[in-house]
Amino acid sequence: MHRLLDYILWLPLLGALLILFIPSQKKEAIRWSALGTTLLTFILTIVLYLGFDQSVAGMQEQFSVKFPWIEQFNIFYSLGVDGISLPMILLTGLLCFLCVLSSWTVEKSVKAYFALFLMLECSVMGVFMSLDFFLFYVFWEVMLIPMFFLIGVWGGENREYAAIKFFLYTFAGSVLMLVGMIALYFLSGKNVDSFNILALQGGKFSNEILNVFGTTLSFSKFFFVMLFIGFAIKVPVFPFHTWLPHAHVQAPTAVSVILAGVLLKMGTYGFLRIAFPIFPEASVYFKEAIAWLGLVNIIYGALCAMAQTDVKKLIAYSSVSHMGFVMVGLAAMTIQGTNGAVLQMFNHGTSTAMMFLMIGVLYERSHHRWIVRPDGTKGFGGLYTQLPVFSIIFIISMFASMGLPGLSGFISEALIFLGIYQEFTTITVLAVIGLLIGAAYLLWMFKRMFFGEVIDSVKDYSDMNAREIFYMIPLCIAVIFFGIYPSPVLNIMKGSVGSLVELLGRFQ
């Protein structure tokens, strides 16, 4: 159990190295190797969950790993897990396994595709486990490499543009994060804890002053803004969101799932793990601005989604809107709001993964994603009568995304509203508009695609096969189970969230 985090982190990379030794023509062997690796990794995440002590409010000592890495700069290989990171580790393990199954039909450079995908899983796990800021930064940056190639090689028509835009935006945010990390290293005295994320927490830099171009500034506020922008690009928070629709539309289905289901959560996880606890005074100072940015995300993302004629771009903009709820919940800095935000990170990961996987299933049959084609004709019509199984699963994913009571999205959004009402009453009222627009664009999309006259091209589509149904069942179970009984996730996070809210409360 002591080295369990090591096994979860490095198993995907070992799987990728194994694939490199399999001859390229043995495509089935490559696919099964990738599937076995992701399945074993997911099983280990479940073992981690079962061994997690919910009564401990913080890092689980029995799982922590720490030893010197670059000793002269006091950089450690340090891994840990708490109630905030564990739901993200579980989500990553589940989605990567399902994404390998959904990628079974990939024929282009199969060996490179699955090797890069496993490398992506390793780097994402590293972000959620790292307790050394330098190690965190390394995994954050390494993640760009497989994502760049997965979008740029296996994506759609404008894949190069989307890949470069994704890389440049994320890299720009990473540079700001790097400057903040270096500043913290020097200000903390370059000692043994200068990169230790846990040791840096607690508001130790609240009274420090910074001189920039002859102007005196608050160190904590200046570098909080830099870290905020770095993480906000990944969320993405308006106005740093413009890379997301391009990346989603051009990316292959499995990569879109990981992008929306996990990678966007890395941004909000950065707030929870680094920006808020290291700079609590600045977090409280800027919390109203963060809440308004979250509201802009909610309304703007929903309006943009309503205007789309490409169903994949519609779901991409819906992610912008849903991540706005996470931002508002975090900005409230209350127990209910933060619990709701972390739960929304998990629930959005499952519901939006369902949506993108279902669109991928449809794309394999239609080879287009148009709700309405550029020439004004219908892209889809009457899907419900032709693809009944597909339609039922799509309805479940759509209602989960909408936040229908009884499905997972409702619980997290309800907790967020409970948490933000007293802090931001006006924002709460306006955010409800985003929910209404969300219901409108999803139902309007469903009406145009699934009802009405069956257009000729749809008559040739086959319903979902056994493999496709198999990888959708776990997500269907998740959105229904956690909609009715969210306690298994809430109980994990309550201690860690409570500690963070208590820390922030000292500066309010």
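Rule-based calculations on the coordinates, nothing more; no lab input. Every value quoted in this text rests on a predicted model; they were computed, and no experiment measured them. Heads up, the Cβs are rebuilt from the backbone with ideal geometry, glycines too, and the neighbour counts pull from every protein chain shown.
Relative to the dominant Cα principal axis of the chain, helix 425-450 is inclined by about 30°.
What is the distance in Å between the Cα centres of region 363-382 and region 1-66? Centre-to-centre distance over Cα atoms comes out at 39 Å.
Using the Cα atoms of region 286-508 to build a convex hull, what is its mean projected area in square nanometres?
Details: hull surface 49.3 nm².
Orientation-averaged projected area of the Cα hull: 12.3 nm².
Values of log10 I(q)/I(0) for region 4-84 across q = 0.21 Å⁻¹ run -0.95, by the Debye formula with one identical scatterer at each alpha carbon and no solvent.
How big is D, in µm² s⁻¹, for region 114-219 by Stokes-Einstein at 20 °C and 1.002 mPa s if Rh is the Kirkwood radius over C-alpha pairs?
Working: Rh = 15.9 Å.
My calculation gives 135 µm²/s for D.
Between 0 and 90 degrees, rounded to the nearest ten: what's the tilt of helix 110-129 against the longest Cα principal axis of the chain? Helix 110-129 sits roughly 40 degrees off the main axis of the chain. In units of the rule-of-thumb radius 2.2 N^0.38 Å, region 46-106 shows an alpha carbon radius of gyration of 1.51. When the alpha carbon coordinates of the chain are projected onto the principal axes, the ranges are 69, 57, 46 Å, largest first.
Ordering 279, 299, 222 by Cα displacement along the dipole of the chain toward the positive end leaves 299 in first place; charges were set at the Cβ atoms of Lys, Arg (+1) and Asp, Glu (-1). Would you be so kind as to identify which of 118, 485, 330 lies farthest towards the positive end of the dipole of the chain, taking Lys and Arg as +1 and Asp and Glu as -1 on Cβ and the Cα centre as origin? Result: 118.
As I understand it, the dipole of the chain uses +1 on the Cβ of Lys and Arg and -1 on the Cβ of Asp and Glu, about the Cα centre. Which of 9, 464, 196 lies farthest toward its positive end? Final value for the positive-end residue is 464. Peptides 394-404, 138-148, ordered by how many other C-beta atoms sit within 10 Å of their residues on average, highest first, read 394-404, 138-148. Adding -39500 (n - 2.57) for every DSSP H run of four residues or longer, then dividing by how many residues the chain holds, sets the calculated 222 nm ellipticity at -22500 deg cm²/dmol. Taking only the Cα atoms of region 340-439, the radius of gyration and Dmax are 16.6, 49 Å. Shape descriptor for region 186-258: Rg over Rh equals 1.16 (Cα atoms; Rh from the Kirkwood inverse mean 1/r).
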